[in-house]
1. Please report the net charge: other residues with Cβ closer than 11 Å to the Cβ of residue 32, K and R +1, D and E -1.
2. Between residue 48 and residue 3, 0.36 nm times their residue separation minus their Cα-Cα distance comes to what?
3. Just tell me which aspartates and glutamates come within less than 16 Å, Cα to Cα, of residue 28; anything on the same chain fewer than 8 places away is out.
4. For the stretch 7-58, take N as its residue count and report Rg(C-alpha) divided by 2.2 N^0.38 Å.
5. Taking only protein heavy atoms and a 1.4 Å probe, what accessible area per residue, in Å², does the stretch 14-65 have with all protein chains in place?
6. Expressed as a whole percentage, what fraction of the accessible surface of the chain belongs to carbon and sulfur atoms when a 1.4 Å probe is rolled over the protein heavy atoms?
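The values are calculated or read from the model by the stated rules, or taken from the named source; none is laboratory data. Note that the coordinates shown come from a computational prediction; the quantities given were computed from them, not determined experimentally. Methodologically, a virtual Cβ is constructed for each residue, glycine included, from the backbone with ideal geometry; neighbour enumeration extends over all protein chains shown. SASA here: full protein model, heavy atoms, side chains in, ligands and nucleic acids out. Shrake-Rupley method; radii C 1.70, N 1.55, O 1.52, S 1.80 Å.
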Amino acid sequence: NMEFHVEGMTCGGCARGVSAAIQNIDSKAKVKIDLAAKVVSIETIASIEQMTAALAKGGFPAQAQ
């Protein structure tokens with residue numbers, strides 16, 4: 001289980017984009033998004049590095065927490 005702070009995630013469309021970027025790497029990942037806090041929690045078999053790269057590529061630079 002990992003958490004990321006995604007400063008650029010400001011709306012529901014952003015949240016969908018973040019989820020899509022994550023699921024491109026791990027289609028079975030469980031994604032929980034707290035839009036108000038700009039925090040994404042992910043249950044995945046992928047590495048933190050893979051998730052950080054996927055989010056950045058999707059236009060959502062993220063910091064692991």
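1. On the way: positive: 30; negative: 3, 34, 43.
Once all neighbours under 11 Å are counted, the net charge is -2.
2. Here the segment from residue 48 to residue 3 would lengthen by 15.3 nm.
3. 43
4. Dividing the Cα Rg of the stretch 7-58 by 2.2 N^0.38 Å gives 1.02.
5. Values: 3220 Å² over 52 residues.
Solvent-accessible surface per residue comes out at 62 Å².
6. Carbon and sulfur together cover 52 percent of it.
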